[in-house]
Amino acid sequence: MNIIERFLNYTKFDTQSAEESTTVPSTPKQLIFAEYLKQELISEGLEDVEMDDNGYIYATLPANTDKKVPTIGFISHYDTSPDCSGANIKPRIVEHYDGGDIVLHEGMLLSPATFPELLLHKGEDLIVTDGNTLLGADDKAGIAEIVQAMVWLKEHPEVKHGKIRVGFNPDEEIGMGAHHFDVEKFGCEWGYTMDGSDVGELEYENFNAASAKITVKGMSVHPGYAKDKMVNASLLAADFALSMPADERPETTEGYEGFYHLTGMQTSCEQARLSYIIRDHDRQKFEARKQFIVEKVAEMNRKYGEGTFTADVNDQYYNMREQVEPVIHVIDIALQAMKDAGVEPKVKPIRGGTDGAQLSFKGLPCPNIFAGGLNFHGPYEFVPIQSMEKAMQVVINICRLTAER
C-alpha cells in the first residue's frame, strides 16, 4: 500500500471530535478508526502494538543497530475538527494542478484568488474535497506519513536507526489530545508531532492558551411590566463583547500578536454565557490578558451591579519553546532532515497549539513538523501528494540522522 492509498483509506472514517462531550474519546466513532489503525500497524509488522481504553495507540519499530541510539517518537492525532462534517468524505485527486480554479461542486470553487497558496503547488497532484465536508488531512495525512515511513524503514534495513515509537491519539482538535497520552509508557527522549501545515514548516513556539467563560445574570420579567425591573442578560453580554479591544481579535492580528477570540454566545433574558479563548506567545502578556478579563468583569459589575458578571478562566497549554530550547539538537536534526529531503525549512511560531505543546510540559520535548495539508477545518481543505511524500521522507531522515549522531 502506498501513502496515497493509505491516506484515502483513513478518510473513509468519520472521526469528528465533540467539544462539549465529557467522555474519552469525546465521540465513540473515533474508536472505530482507532481499532482499524491498530490492526493495520500489526499487519505492517510493528511491535508492541496496543490501544488503551481511551483510544490511545502506541507501537514500536525496533532498532536495527547495536549502537546506543536515543529512542524517539512520532505522534499524530486521528480526530477531525468539530467545525465541519467529517462524514462521507469524497476525496478526489486533481493531477498536475494547472494553477486555475478547482470546481469542488457547482457554485463552489477552490480558487487561487481566495487561496493564493494553491499557486505554490502548481504542477503537483492535489487531493481535494467535494465541497461538502472537510478532508481530514489534519491530521490523517500525518498518520499516513508516519506509518508509511515505518514501513519503508522496515523494508530498508540498510538504513540504520534506533528504537522508534509511534503514537496516535484522539481529541486533539478540542484541546484534549495530550491529556491522557502516557509519556512514561511512550518511553522516548524526544518526539515530533506531524501536525503542521504547508511543506517545510517546523514549529517549536506556540501560543500560551486559556479559556474564559463569562456568565451574565439577568432578570426576566414580562415585557409588558418590565420597566425598572427587567435586566436583559443578552444586552449586557453584547455590551461586554463590544467593550473588548477591537484590534486584538484573530481577524486583526498576525505573527506574534495575541488576541481575545469570542468563540460562542448563548443568550436569553435570564442568563447569558460568552466563551472566549485567550492567546499570546509571550508569557507575561498572556498573564496580563487573563487579568484584563478579570478586571473587565469587575468593571461590568460596577456598572450593572455586583454579581451580575462572573468569569471562569482556565489555562489550556503553554508555549513549548521554553521546554525545547534546552534540547535544541532536536530542532537541528529536524532542520537537517528537511534539507536532506530537498525541503526548505520554514521555522515560524504556531498561531495555535498542538499536542506537542502539552507533551513538552509533560516531559517529552515535541516540536511540530509539517504534514502538508492546507485550509484545515473546512471544505476548502486540500493536501498535495508531493508534500505528504516529502513529510514521510523527513520522518525517515530524522530516524537516520538520530542514529548517526
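The values are calculated or read from the model by the stated rules, or taken from the named source; none is laboratory data. Owing to the predicted nature of the structure, the values given are computational and were not obtained by experimental measurement. Cβ: placed from backbone, ideal geometry, glycine included. Neighbour counts: every protein chain shown. Surface accessibility is based on the protein's heavy atoms, side chains included, excluding ligands, DNA and RNA. Shrake-Rupley method; radii C 1.70, N 1.55, O 1.52, S 1.80 Å.
Can you name the residue in segment 1-49 that is among the polar types (S, T, N, Q) and assigned to a helix (DSSP H, G or I) and, of all such residues, is surrounded by the most Cβ atoms within 10 Å (Cβ to Cβ)?
The selected residue is Gln30.
Condition first: open to solvent by 30 Å² or more (accessible area, probe 1.4 Å) and either within 30 Å of Val221 (Cβ to Cβ) or part of a loop (DSSP other than H, G, I, E, B) (or both). Now tell me which residues in segment 252-262 satisfy that.
Glu254, Gly255, Tyr256, Glu257, Leu262
When you check Ile277 against the structure, is it farther than 30 Å from Glu189 by Cβ, in contact (Cβ under 8 Å) with a residue 12 or more places away in the chain and under 18 Å from the mean Cα position of the chain (by Cα), yes or no?
When the stated conditions are applied, Ile277 passes them.
Confirm whether Ile328 is under 15 Å from the mean Cα position of the chain (by Cα) and either hydrophobic (A, V, I, L, M, F, W, C) or surrounded by fewer than 22 Cβ atoms within 10 Å (Cβ to Cβ) (or both).
So Ile328 fails the test.
Out of segment 316-366, which residues are in contact with a Leu (Cβ under 6 Å, 6 or more places away or on another chain) and over 22 Å from Val159 (Cβ atoms)?
Those that are in contact with a Leu (Cβ under 6 Å, 6 or more places away or on another chain) and over 22 Å from Val159 (Cβ atoms): Val347, Cys366.
Criterion first (open to solvent by 70 Å² or more (accessible area, probe 1.4 Å) and touching a residue at least 12 places away in the same chain (Cβ under 8 Å)) does Glu270 satisfy it?
yes
Please go through segment 300-322 and pick out each residue that is under 19 Å from Ala210 (Cβ atoms) and without any contact (Cβ under 8 Å) to a residue 60 or more places away in the chain.
Across segment 300-322, the qualifying residue is only Glu322.
Looking at the structure I just gave you, is Asp98 of a type outside the set (S, T, N, Q), touching a Phe, Trp or Tyr at 6+ places or on another chain (Cβ under 7 Å) and open to solvent by 10 Å² or more (accessible area, probe 1.4 Å)?
no
Just checking: which of the strands (runs of 3 or more DSSP E) contained wholly in segment 290-405 hold 2 or more residues that are hydrophobic (A, V, I, L, M, F, W, C) and over 22 Å from Asp125 (Cβ atoms)?
309-317
Examine segment 216-223 for a residue that is more than 31 Å from the chain's Cα centre (by Cα), open to solvent by 60 Å² or more (accessible area, probe 1.4 Å) and among the charged types (D, E, K, R), and state whether such a residue exists.
Yes, segment 216-223 contains at least one residue that is more than 31 Å from the chain's Cα centre (by Cα), open to solvent by 60 Å² or more (accessible area, probe 1.4 Å) and among the charged types (D, E, K, R).
Could you please find all residues in segment 50-91 being in contact (Cβ under 8 Å) with a residue 24 or more places away in the chain, under 22 Å from Pro170 (Cβ atoms), surrounded by fewer than 20 Cβ atoms within 10 Å (Cβ to Cβ) and among the aliphatic types (A, V, I, L, M)?
Matches in segment 50-91: Ala87 only.
Within segment 354-391, which residues are more than 21 Å from Asp14 (Cα to Cα), in contact with a Phe, Trp or Tyr (Cβ under 9 Å, 6 or more places away or on another chain) and open to solvent by 30 Å² or more (accessible area, probe 1.4 Å)?
Hits for segment 354-391 are Phe361, Lys362, Lys390.
Search segment 244-266 for residues being of a type in the set (Asp, Glu) and without any contact (Cβ under 8 Å) to a residue 24 or more places away in the chain, and hand back the single one that is nearest to Val313 (Cα to Cα).
Only one residue fits best here, namely Glu248.
If we only count strands (runs of 3 or more DSSP E) wholly inside segment 149-207, which ones have 2 or more residues that are open to solvent by less than 20 Å² (accessible area, probe 1.4 Å) and either among the basic types (Lys, Arg) or over 20 Å from Tyr56 (Cα atoms) (or both)?
Passing ranges, in order: 201-203.
Quick one: which residue in Arg249, Arg279, Arg302 is modelled with pLDDT of 95 or more and surrounded by 17 or more Cβ atoms within 10 Å (Cβ to Cβ)?
Residue meeting the stated conditions: Arg279.
Collect the residues in segment 224-243 that are open to solvent by less than 20 Å² (accessible area, probe 1.4 Å) and in contact (Cβ under 8 Å) with a residue 60 or more places away in the chain, keeping them in residue-number order.
Residues satisfying the conditions are Leu236, Phe240.
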